[in-house]
Amino acid sequence: MRILLVEDDNVLADGIARALRAENFAVDHAGNGLDGGHLGATELYDAVVLDLGLPIKDGVTVLREWRAERRDMPVLVLTARDGWSEKVAAFKAGADDYLTKPFRVEEVVLRLRALVRRAAGHAGAILTCGKLVFDAQLGTFELEGLPLKLTAFEWRVLSALMLRKEVVVDRADLIERVYEGDADVDSNSIEVIIGRLRKKIGPTMIETVRGRGYRVTATGA
């Protein structure tokens, strides 16, 4: 999962980004509304954490512009503005959730996971595919009832596939959801990660659809 964090307080942004990366998220950071608006309009993100009081362009304006451009990624507003009018303005602009400062970073993680899960069309947190179980709220995997240990890259690929189980996910889509914007990506990086996952969950659960991408399927379990 790849998150865009738009926050002008660099100390706070660094703390949030570290916490999200510790939970296997890929994170891109923008320190003002202009840069954040551009990234959100041109890159693929599973969710956005958006401050309102941003330099150059405020968060409500950024959000309104994204929605006008049909950018439908879920947006969690994270701000010190706790007045009713600010909340109404944010939700009218297209916010999906609203959290005021101060906050616990753990709550940000939980809210983001819930937003991503619901955006993928899943009401419940537990997703199963054959012998593989993904708790999309806690971010954990089990294989045949036992915890599955994954690297951050493996987790991002497998969670992207599980959120869209039985559906082909384009290779380019996976790359955008796995790597941060400044990453140096090898041409065969996704194939390497898929190969490692097949060693851990079995060779047939992740199907290669030639010329299109990959899907996780219970028929191969």
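Values quoted throughout were computed directly from the atomic coordinates according to the rules given, and no laboratory measurement underlies them. Predicted model, so just to flag it, every value in this text is computed and none were measured. Glycine gets a Cβ as well: all are built from the backbone with ideal geometry, and neighbour counts include every protein chain shown.
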One computes Rg over Rh for the chain from alpha-carbon atoms, with the Kirkwood Rh, and obtains 0.98
Under the rule of at least 5 residues apart or a separate chain, name every residue whose amide H is placed under 5 Å from the amide H of VAL75. VAL48, ASP96, ASP97
Karplus 3J(HN,Hα) series, Hz, for segment 212-219 with 6.51 cos²θ - 1.76 cosθ + 1.60 (x for Gly, Pro): 10, x, 9, 8, 9, 9, 6, 5
Ignoring trypsin sites (Lys or Arg not before Pro) buried by more than 10 other Cβ within 10 Å or outside DSSP loops, the longest site-free run in the chain is 1-69
What is the calculated FRET efficiency for ARG67 to THR128, with r their C-beta to C-beta distance and R₀ = 45 Å, to the nearest 0.05? 0.85
For ASP170, what charge total do you get from the other residues with a beta carbon under 13 Å from its beta carbon, if Lys and Arg give +1 and Asp and Glu give -1? +4
Restricting to Cα pairs under 8 Å and 6 or more apart, the percent relative contact order of the chain works out to 17 percent
Contour minus Cα-Cα distance for ASN188 and ALA218 (0.36 nm per residue): 8.3 nm
I'd like the orientation of helix 33-42 relative to the chain: the angle between its Cα long axis and the longest Cα principal axis, in ° from 0 to 90, rounded to 10. 30 degrees
Where Lys and Arg each count +1 and Asp and Glu each count -1, what net charge lies around ARG210 among other residues with Cβ under 15 Å from its Cβ? 0
In this structure, the FRET efficiency calculated for GLU207 and VAL105 from their beta-carbon separation, with R0 = 45 Å, to the nearest 0.05, is 0.80
Among the GluC sites (Glu not before Pro) within segment 58-142, which fall in a DSSP loop and have no more than 12 other Cβ atoms within 10 Å of their own Cβ? GLU69
As a percent rounded to 5, the proportion of antiparallel DSSP bridges among beta bridges in the chain is 50 percent
In whole angstrom, how far apart do the alpha carbon centroids of segment 165-221 and segment 59-136 sit? 26 Å
Could you tell me what fraction of 2.2 N^0.38 Å the Cα radius of gyration of segment 2-119 comes to, as a two-decimal ratio? 0.93
Considering only DSSP states other than H, G, I, E and B, which GluC sites (Glu not before Pro) in segment 152-207 qualify as loop sites with at most 16 other Cβ atoms within 10 Å? GLU166, GLU180
So how many Lys-Lys pairs in the chain land under 24 Å Cα to Cα, not counting same-chain pairs under 8 apart? 14
